[in-house]
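Have a look at the structure below before the remarks.
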Amino acid sequence: MDKSNMDIIVQNLSKNFQAVKAVNDISFDVRSGELFGFLGPNGAGKTTTIKMMTGLARPDSGTIITAGIDCSRNPKAAQHLIGVVPDESNLYPELTGHQNLCFCASLYGIGKAEREHEARKLLEAFNLKEAANRKFGGYSKGMKRKLTIAAGIIHKPRVLFLDEPTTGIDVASARALRVLIEDLHKQGTTILLATHYIEEAQRLCDRIAFIVSGKIVAEDTVHNLLKHDEGKHFLHVSHKGKNADIAERLYARFATMSFSFLKDNTFRVESSEPIIITPIVMCLEEMGIDVSEAKRITPSLEDVFVRITGLEADTMQKDKDKQGRAK
Amino acid sequence: MKKWIAFWNILLKDMRTYYLKPPNINWGIIFPLAWTGMFLIRSGSGLDSIPALLPGLMAISILFGTTSMLAVTVTFEKKNSSFDRLLLAPISFDLLMLAKTSGAILFGIVNALIPILMASFIADIYVSSWPLLILAVFLIAVVSTFLGLLIAVAVSEVFEAQTFSNFFRFPMIFLCGLFLPVSKLPIFIRPLSYALPLTYGVDIMQGLVRGGNFMSIPISFAVLTAFCILIFGLSKHFIRKRWIT
Ligand SMILES: Nc1ncnc2c1ncn2[C@@H]1O[C@H](COP(=O)(O)OP(=O)(O)OP(=O)(O)O)[C@@H](O)[C@H]1O
Ligand SMILES: [Mg+2]
């Protein structure tokens, strides 16, 4: 493969924390100007990977080449080309929004006039003009998030790392942010977006890597990931009550279909033929299981994710919400 | 050029947000005043003893203005992970550490000047070489600040940074000849005095203010400089190991 137009080349990257294999031998490339999604549940290793790529963590093994510069030995080598929006809003609480942005720009050697101009522009774009002269410590969670993103892009990086940028902010702000990410993408910024929002990844990303337990389990364009399920039919069933040999009985009866059993008394039926619902419902009722819902679904990226990872898609969402509340 | 913009702004930010805050400025004035008052009263010898007290006072002002200030501010920034921003900046570790320490060093130097100014108002102070005295003050500030850096690397909580600083500072007051000459210390403790950088700094100042040094001034300068380099190197080594894990 021609690697000359790659802005990120990661090969066999690994990192352990004692017994935990946080990142386990992953490899991927991101083309120049591409928006690459890193999709995975809590603890998958997204943040650890980003930290290694940006110089905040040292890999146990593997190579990282950013914009043609080998950063495996010297993590500082490409830092002038990258921007990072960490998962935590970590600006200076005692500085105002405007001061924070100017300070971050100064770290990249941007002169006074230019950084003040850029800071004002970004505060305006992020709807933070009113709060520009208030201390960051007093900002709301969403405002903090927005300013953290502004701080990550003020020096116009060639490669941008976004770690869950839309977590913890309201719907309207999240939407505005996605538009902004799309704009940066259009302007040619190479973006690596770590997220657990499947729709967000599907909407924004050119390509997506599914990462689970430190491993990349699939990596392709959204189109190709979905293609696998083209012409297939899916049914989603929720039921009350349980029966130990529910799987056995269903497989015996509907040999051409395949079933995947998820948490919370739900399962998914997959078939290459159109699925007729009634026989399945009847079969369950014969076992004494009440069907509360059975609906046909068009496969989305979420279904692909479920199929590939064996994880229930909304576990990611639920975990995250719990975390958000705990904070 | 670009990296100096970063250096200057890190320094400026620390000055504004930490060192020039009113509580710190008060601390710099009240502390030496209180110590001077205490010693004058205790010794009962009046203003004549000021030149003898001055070097110790200057050393203590520097020590208390730098070590814990740096340890606390760096630990605080580590804790709320804003320090990551500095680690992400395209400047070398050396320059970053120098930028972070410069603020505390300047603060320490200013703290040392306060006792001199106050003393020169109330007593006749004769200094044999001002440039050498300023160089000594500078090196003591550097070595105390770097000690704070080393403490910042060793701890992860702000309160630990504070306690740990005191753990070093208070023994140093007694071991480094600030108010009690090293020659009056029990012989088995003296090796400890010679292992602490402040001993050499204080001896230089004693020599310059009243000719009371017991080691050669050039040698003391050399040892003090060596301590600065050693502690900086050690801090850098641990920072690489502990902060980029
Ligand atoms: N500093 C650390 N010390 C010990 N274990 C760590 C450390 N950082 C990460 N881990 C572990 O490495 C694994 C991957 O964590 P990581 O933060 O990369 O996940 P993530 O995909 O970013 O998850 P999330 O969606 O929750 O942000 C987890 O099991 C985590 O507990
Ligand atoms: Mg994460």
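Taking A:VAL217, A:VAL237, A:VAL171 in turn, the Gaussian network model of chain A (Cα-Cα springs below 10 Å) assigns the largest fluctuation to A:VAL171. When the C-alpha to C-alpha distance is required to be over 22 Å, the pairs from A:LYS121/A:LYS146; A:LYS135/B:LYS21; B:LYS2/B:LYS78; A:LYS21/A:LYS51 that qualify are B:LYS2/B:LYS78.
Remark: mean inter-chain Cβ contacts per residue of A:108-114 equal 4, using a 10 Å Cβ-Cβ cutoff to other protein chain atoms. Spin-label pair B:THR225-A:VAL20: with each label point 7 Å from Cα along the Cα-Cβ axis, the two points sit 4.8 nm from one another.
Residues whose amide H comes within less than 5 Å of that of A:GLY241, counting only those at least five positions distant or on another chain, are absent (H built at 1.01 Å from N in the peptide plane). Legend: calculated FRET efficiency, B:LEU185 to B:LEU95, from the Cβ-Cβ distance at R0 = 41 Å, rounded to 0.05, equals 0.55. For the peptide A:87-96, the mean number of other protein chain Cβ atoms found within 10 angstrom of a residue's Cβ is 4. Annotation: peptides A:84-91, A:4-11, ranked by per-residue average of other Cβ atoms within 10 Å with the highest first, follow the order A:84-91, A:4-11. If you count, for every residue in B:14-23, the Cβ atoms of partner chains within 10 Å of its Cβ, what is the mean? Neighbouring Cβ atoms belonging to other protein chains average 1 per residue here. At a threshold of 8 angstrom on Cα-Cα distance, excluding pairs fewer than six apart, so keeping six or more, what relative contact order does chain A reach in percent? Value for chain A: 19 percent.
For region A:12-52, the residues whose backbone nitrogen is under 15 Å from a point 7 Å from the Cα of A:HIS228, taken along Cα to Cβ, are A:39-40.
Within region A:105-148, the GluC sites (Glu not before Pro) that combine a DSSP coil assignment with at most 11 other C-beta atoms in a 10 angstrom radius are A:GLU130.
Relative contact order for region B:72-199: 29 percent, from Cα pairs under 8 Å spaced at least 6 residues apart, divided by residue count. With contacts taken as Cα pairs under 8 Å at a separation of at least 6 residues, chain B carries a relative contact order of 25 percent.
When +1 charges are put on Lys and Arg Cβ atoms and -1 charges on Asp and Glu Cβ atoms, the dipole computed for region A:230-298 relative to its Cα centre reaches about 120 debye.
Packing here is the average count of other Cβ atoms within 10 Å per residue, and on that basis the peptides A:39-50, B:211-222, B:75-86, highest first, run A:39-50, B:75-86, B:211-222. Extension gain for the segment A:LYS263 to A:SER32, taken as residue separation times 0.36 nm less the Cα-Cα distance, is 79.2 nm to one decimal.
We did not get these values from a lab; they are worked out from the coordinates using the rules stated. Only a predicted model underlies this, so the values are computations on that prediction, with no experimental measurement involved. Virtual Cβ from ideal backbone geometry, glycine too; neighbours counted across all protein chains shown.
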